[in-house]
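Read the structure below first, then the notes.
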Amino acid sequence: MGAKKSMRARVAELRELIRLHDRKYYVDHLPEITDGEYDALMAELAGLEREHPELVTSDSPTRRVGGAPTEGFRTVEHAVPMLSLDNTYSPEELLAFDARVKKRLPDELVEYVVEPKLDGISISLRYVDGRLDVAVTRGDGTRGDDVTANIRTIRAIPTKLSGRRGVSEVEVRGEVFMPRSGFERLNRRRESDDAAPFVNPRNAAAGSLKLRDPGEVARRPLEAFFYQIVGGGASRVATHLEAIELMRAMGFPVSPDITLAAHIEAAVERCQEWDDRRRDLDYEVDGMVVKVNSLEQQERLGSTTKSPRWGIAYKFPAEAVRTVVRDIEVQVGRTGKLTPVAVLEPVFVSGSTVSRATLHNQDEVERLDVRVGDTVAIEKGGEVIPKVIEVVKSKRLGRPRRFRMPETCPVCREPVVRPDGEVDTRCRNESCPGRSMGRIHHFASRGAMDIRGLGYALVRQLVDGGLVRDFGDLYRIEVDDLAALPRMGERSAENLLAELEKSKKRPLAKLIHGLGIRHVGARVAQVLAESFPDIGGLSAASEEDLAAIEEIGPAIAASIRSFLASPRNAEVLRKLDSAGVNMRGRSARQRKTALTGLTVVLTGSLVRVTRHEAAAAIAEAGGRVSSSVSSKTDLVVVGGDPGSKHRKALALGIKIIDETELEELLGI
Ligand code: IVH
């Protein structure tokens, strides 16, 4: 054997060995060699390929380090659309799914398969003659991005299939994900590089697949599980379970937790068991998938345009996890209310890291009997603020001290009060900086100006550091001021400024809500924004004008008036205005209409639109809807069965129109 030939043979042997060990690690989960030994094989192969570039092939394991950066991603059409699964949240809905299946397959036995629903990014891979040809993301289901160069870097995904190659083309689908452990490592690395950490493993996986530089993707700890063979590739198997086995034999990683359920009741039970077990996995699972096992039955059941009729997702209820209370802090809100907050050992729950949870008030702390050092169960559902559900008493060490509400405000040191019969303790000092922090935090909250990244801790830093006194100052902050704050990198500072810039364009209703006027929540703010063209109009309205608006009672009207009459608040509004924050409603931007500036009263029942729709349309056209008829009313719209308002309008000689005439005025 010549030297060249034996070298060629060694290259082939090394590639086979590396593929074998990739497979043992990612597919069989039974590694046989150490990381060091694996790296040595890779180094030897890379050395040989460097000396003999003519031997390099595109599917060599060394190519997994990533090739040249790409310009962008080519769009590729899916041969078979990538659908999504319908979601269910209860056993009853699973039974209803079974009933739908049985209705289409009367008198047939139906077996189900239950498997984890991986919370990652779906991907479709096509292999031609056993070699990876193209990898495409789901995209809009019909076409996605060609991310082949990035997918090639993922060691868990074979670039060359093993076993007999009966078919020349195979397309498989699965989920690319980042294990929790890899995610934690990646975020630690990013933090030390001053890059923003990813919020959860799913975002990290999605962000990684979209990188232009495959070399960087190679450094991301991505893995994958496959769950479907599409098209002709599956013709050799009769069931989903056999398809899974076939994929495993071809070298694809598949979930080790796929099981058969003889009937839907067994499937329901399996789903419920997994709600607990999923916490032990090193990857995120957001539910289970129940599928009809027979591929022939799947075929007959078919799909709607959106989702298959043969499968359904069962989503787990809001996740509760355990963590340790490091401290209990007291936060002062915008109304002066003191809220105890548990400072937690950070934990990952429902898609993001949680480090604080509200304890509401002294009574709640006593009810839970939560103390510093305790292990607690916390829960976070959807967008709700995390909540402590219970203390795990068996884990309490020693006898930690009970929490007591302080007698003075933790921010301004003025004495606090808890009136008899009330649950809340308050700081009464109007100029307490703690209240300003609460107001700024509220202004930035999601329901108001939605300034992402401006959480309570940062607000506190801004106020403590003298950068802002009220939310009018937010828009004057400069990047250098921010970057000088502890734990704030230049990138985060720039992100926050970009968020502030975006928030300037929020609709008037969001701004009004953000002002934090007592009794003015999101709904009232919406009504006000629909009733006035801009903040100027709102400021000019008298208490009487305000109380005349439908849905606005005298207490709300008085509260709005007193807020706007305060010179301090007027000054904050002036700052917002000069910073370029939007202060105009939709109606104000409209051309003048027949209703612009008119006060309109609706009475009797309307037939073609609801009262609310009519009111919104009038506001949109620049009019204002009032609930009572007075000398200031310009127009009364009379529907069926009108009452006293109609009589009063007649008595005062106010113009009266019916629903059709209103529609004409509105141009609808
Ligand atoms: S089967 C309809 N099985 O969930 C296509 N999907 O909303 C058949 N997913 O887009 C999907 N784990 O990205 C299936 N074991 C699993 C899954 C799974 C995660 C994802 C997939 C799909 C989405 C469905």
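In the range 171-191, is there at least one residue being touching an Asp or Glu at 6+ places or on another chain (Cβ under 9 Å) and β-branched (Val, Ile, Thr)?
yes
Would it be correct to say that Val136 is surrounded by 14 or more Cβ atoms within 10 Å (Cβ to Cβ) and in contact (Cβ under 8 Å) with a residue 60 or more places away in the chain?
Here the answer is yes, as Val136 does meet what is asked.
Please specify each residue of the range 124-153 satisfying the condition of being among the hydrophobic types (A, V, I, L, M, F, W, C) and within 16 Å of the ligand (Cβ to nearest atom).
Those that are among the hydrophobic types (A, V, I, L, M, F, W, C) and within 16 Å of the ligand (Cβ to nearest atom): Leu125, Ala135, Val136, Val147, Ile151.
May I ask you to list pairs of residues, at least six apart or on different chains, whose Cβ atoms are under 7 Å apart, with the first in the range 244-256 being under 17 Å from Val176 (Cβ atoms) and the second being aromatic (Phe, Trp, Tyr) and part of a helix (DSSP H, G or I)?
Short answer, once both residue conditions are applied: Pro253/Tyr26.
Kindly establish whether Glu115 is at pLDDT 95 or above and within 16 Å of the ligand (Cβ to nearest atom).
Criteria met by Glu115.
Collect the residues in the range 471-493 that are surrounded by fewer than 16 Cβ atoms within 10 Å (Cβ to Cβ), modelled with pLDDT under 90 and assigned to a helix (DSSP H, G or I), keeping them in residue-number order.
Correct list: Val479, Asp480, Ala483, Glu490, Arg491.
Within the range 546-559, can one find any residue that is in a helix (DSSP H, G or I), of a type in the set (Asp, Glu) and either surrounded by fewer than 18 Cβ atoms within 10 Å (Cβ to Cβ) or at pLDDT 85 or above (or both)?
Within the range 546-559, not a single residue is in a helix (DSSP H, G or I), of a type in the set (Asp, Glu) and either surrounded by fewer than 18 Cβ atoms within 10 Å (Cβ to Cβ) or at pLDDT 85 or above (or both).
How do the pairs read when you match residues in the range 451-470 that are of a type in the set (Gly, Ala, Ser) with residues anywhere that are part of a loop (DSSP other than H, G, I, E, B), using Cβ under 9 Å and keeping only pairs 6 or more apart or on different chains?
Ala457/Arg487; Gly465/Ala484; Gly465/Leu485
Given the conditions (1) modelled with pLDDT under 90; (2) hydroxyl-bearing (Ser, Thr, Tyr); (3) touching a Ser or Thr at 6+ places or on another chain (Cβ under 7 Å), and given that Ser355 satisfies all but one, which numbered condition is not satisfied?
Looking at each condition in turn, Ser355 falls short on (3).
Which condition number in (1) farther than 15 Å from Phe225 by Cα; (2) without any contact (Cβ under 8 Å) to a residue 60 or more places away in the chain; (3) among the charged types (D, E, K, R); (4) within 16 Å of the ligand (Cβ to nearest atom) is the one that Arg185 fails?
(4)
Does Gln228 meet the test of being out of contact with any His (no Cβ under 6 Å at 6 or more places or on another chain), within 13 Å of the ligand (Cβ to nearest atom) and either within 26 Å of Asp98 (Cα to Cα) or among the charged types (D, E, K, R) (or both)?
yes
Is there any pair with a first residue in the range 105-133 that is among the basic types (Lys, Arg) and a second that is away from the ligand (no atom under 16 Å from the Cβ) whose Cβ atoms are under 7 Å apart and which are 6 or more apart or on different chains, and what are they?
Arg126/Asp133; Arg126/Val134; Arg126/Glu169; Arg131/Asp59; Arg131/Thr159; Arg131/Lys160
The values are calculated or read from the model by the stated rules, or taken from the named source; none is laboratory data. For clarity, every value in this text was computed on a predicted model and none was experimentally measured. A quick note on method: Cβ atoms are made from the backbone with ideal geometry, for glycine too, and the neighbour counts reach across all protein chains shown.
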